[in-house]
Amino acid sequence: MGIDLIQFMLVYAEITISSLTANVTMTLESASLNRLPTPPIWRHMLAMLYDLLLILPLFMAATAIWVAILGPTDSIAQPTVPRGLQWAGWLLIVILFFGIFWRRGGQTLGMQAWRIKLITQTGERPTWRQALIRVVGALLSATLLGLGYAWRFVSADNAYWHDQWSGTRLVLIPKKG
């Protein structure tokens, strides 16, 4: 029994030390990420275009699944998939697409191609709550004639509306060399 207790204490100490080391590494990485500049808007727009090219096939696949489930209609004037269901499915796809990528590494595939990373104000990966606020905020920013995106030119820290609402920011990652 005494050996089991000693083994337990050693394993616990090892786990504690490794988690402290990981936190120190994460803090150092976070501090260096916070010093990175904001990417130019043209770079961000091209990353968004790349991501759109990935999301559109997901929209098509979701629509095909709904049509397969709900069946065809008698008339072309009558939609197979109810409008609300279609939009809800697309919104879910967008939230999951960006949320999963941002939570895993702070970058979508388009952001990786253009060396852009999403971080929180403290330099950490965004939470699911922040990702959700950012996605919905970005959609709102775009639907209001792009005013949320134009806000970047007025903001002192080059932040979009959805950056400010979600407590996140975009950084330009330097080239690996």
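The values are calculated or read from the model by the stated rules, or taken from the named source; none is laboratory data. Quick caveat: nothing in here was measured; it's all calculated off a predicted structure. We place every Cβ from the backbone using ideal geometry, glycine too, and count neighbours over all the protein chains shown.
Can you name every residue in the stretch 154-167 that is without any contact (Cβ under 8 Å) to a residue 24 or more places away in the chain and part of a helix (DSSP H, G or I)? Listed by number, the list holds a single entry, GLN164. I'd like to verify a number: residues in the stretch 137-148 that are without any contact (Cβ under 8 Å) to a residue 24 or more places away in the chain, within 21 Å of LEU92 (Cα to Cα) and either hydroxyl-bearing (Ser, Thr, Tyr) or in a helix (DSSP H, G or I) (or both), how many? The total comes to 4.
Residues of the stretch 102-136 that are on the phi > 0 side of the Ramachandran plot and in contact (Cβ under 8 Å) with a residue 24 or more places away in the chain: ARG115, GLY123. The requirement of being touching a residue at least 24 places away in the same chain (Cβ under 8 Å) and either touching a Ser or Thr at 6+ places or on another chain (Cβ under 9 Å) or small (Gly, Ala, Ser) (or both) is fulfilled nowhere in the stretch 71-85; no residue meets it. Filtering the stretch 168-177 to residues that are touching a residue at least 12 places away in the same chain (Cβ under 8 Å) and not polar (S, T, N, Q) leaves ARG169, LEU170, VAL171, LEU172, ILE173, PRO174, LYS175.
Check whether at least one residue in the stretch 167-177 is hydrophobic (A, V, I, L, M, F, W, C) and farther than 16 Å from HIS44 by Cα, and report yes or no.
No; the residues of the stretch 167-177 include none that is hydrophobic (A, V, I, L, M, F, W, C) and farther than 16 Å from HIS44 by Cα.
Just give me the residues in the stretch 22-44 being modelled with pLDDT under 85 and out of contact with any Gly (no Cβ under 9 Å at 6 or more places or on another chain), in sequence order. Those that are modelled with pLDDT under 85 and out of contact with any Gly (no Cβ under 9 Å at 6 or more places or on another chain): ALA22, ASN23, VAL24, THR25, LEU28. Would you confirm whether or not the stretch 113-120 contains a residue that is crowded, with 18+ Cβ neighbours inside 10 Å and part of a loop (DSSP other than H, G, I, E, B)? Looking through the stretch 113-120, at least one residue is crowded, with 18+ Cβ neighbours inside 10 Å and part of a loop (DSSP other than H, G, I, E, B). Of the residues making up the stretch 115-136, none is of a type in the set (Asp, Glu) and closer than 23 Å to TYR50 by Cβ.
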